[in-house]
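The values are calculated or read from the model by the stated rules, or taken from the named source; none is laboratory data. Since the structure is predicted, the reported quantities are computational estimates derived from the model, not experimental observations. Note: ideal-geometry Cβ built from the backbone for every residue, glycine included; neighbour counts use all protein chains shown.
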Amino acid sequence: MTSSASPTPSGSSDASEATDVVLAFLGALEARDMAGVTDLLDAQAEWRNTGLPTLRGPRVAGTLRALDARGIGVEVTMRHIAATGDVVLTDRTDVITWGRWRAGFRVSGTFEVRHGKVRLWDDHFSATSALGASVAGVVRAVVGR
């Protein structure tokens, strides 16, 4: 994971631990380490994404494994990260990859960490920006740039 801003937990050990869990989770996701991702997900995790159905429990890890099995990956550039207690807010750029196709867009995430595991993963992004990045990714993949 690339970082253009260093993590700055609020100072409490809970916030620091929660920040570390989120960074480890996103790092494992980026490395396509599905065992590491699964280890950091709470059994009752909830994953919310703008415009997509909310996934809960085992469906979260199952969906991530299915995406990985299809060769879909993510690159994460962290812009800012802040935490209070067990809630971590991220401002980042995610680049979704699949073969030569790449689509990068800005994402704001809210994570809740319970007992060292991600309980809530709620990502917000502009659907228009994501669509534009997807179309540009198709053009780049076809043209070879």
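Annotations
- If the condition is being over 19 Å from Gly73 (Cβ atoms) and in a strand (DSSP E or B), then segment 96-145 contributes Ser108, Thr110, Phe111, Glu112, Val113, Arg114, Lys117, Arg119, Leu120, Asp122, His124.
- Comparison of Gly57, Gly36, Gly27 shows that the only residue that is of a type outside the set (Lys, Arg) and within 15 Å of Asp122 (Cα to Cα) is Gly57.
- Filter result for Arg102 (surrounded by fewer than 15 Cβ atoms within 10 Å (Cβ to Cβ) and touching a strand residue (DSSP E or B) at 6+ places or on another chain (Cβ under 7 Å)): no
- Of all residues in segment 55-83 being assigned to a loop (DSSP other than H, G, I, E, B) and among the small types (Gly, Ala, Ser), the one that is surrounded by the fewest Cβ atoms within 10 Å (Cβ to Cβ): Gly71
- Residue that is free of Cβ contacts under 8 Å to residues at least 24 places away in the same chain and of a type in the set (Ser, Thr, Tyr), where the choices are Thr110, Thr77, Thr84, Thr50: Thr110
- For segment 26-40, the criterion of being over 18 Å from Gly109 (Cα atoms), in contact with a Leu (Cβ under 7 Å, 6 or more places away or on another chain) and among the hydroxyl-bearing types (Ser, Thr, Tyr) is satisfied by no residue at all.
- For Asp42: the one exception among (1) modelled with pLDDT of 95 or more; (2) within 30 Å of Gly137 (Cα to Cα); (3) surrounded by 14 or more Cβ atoms within 10 Å (Cβ to Cβ): (2)
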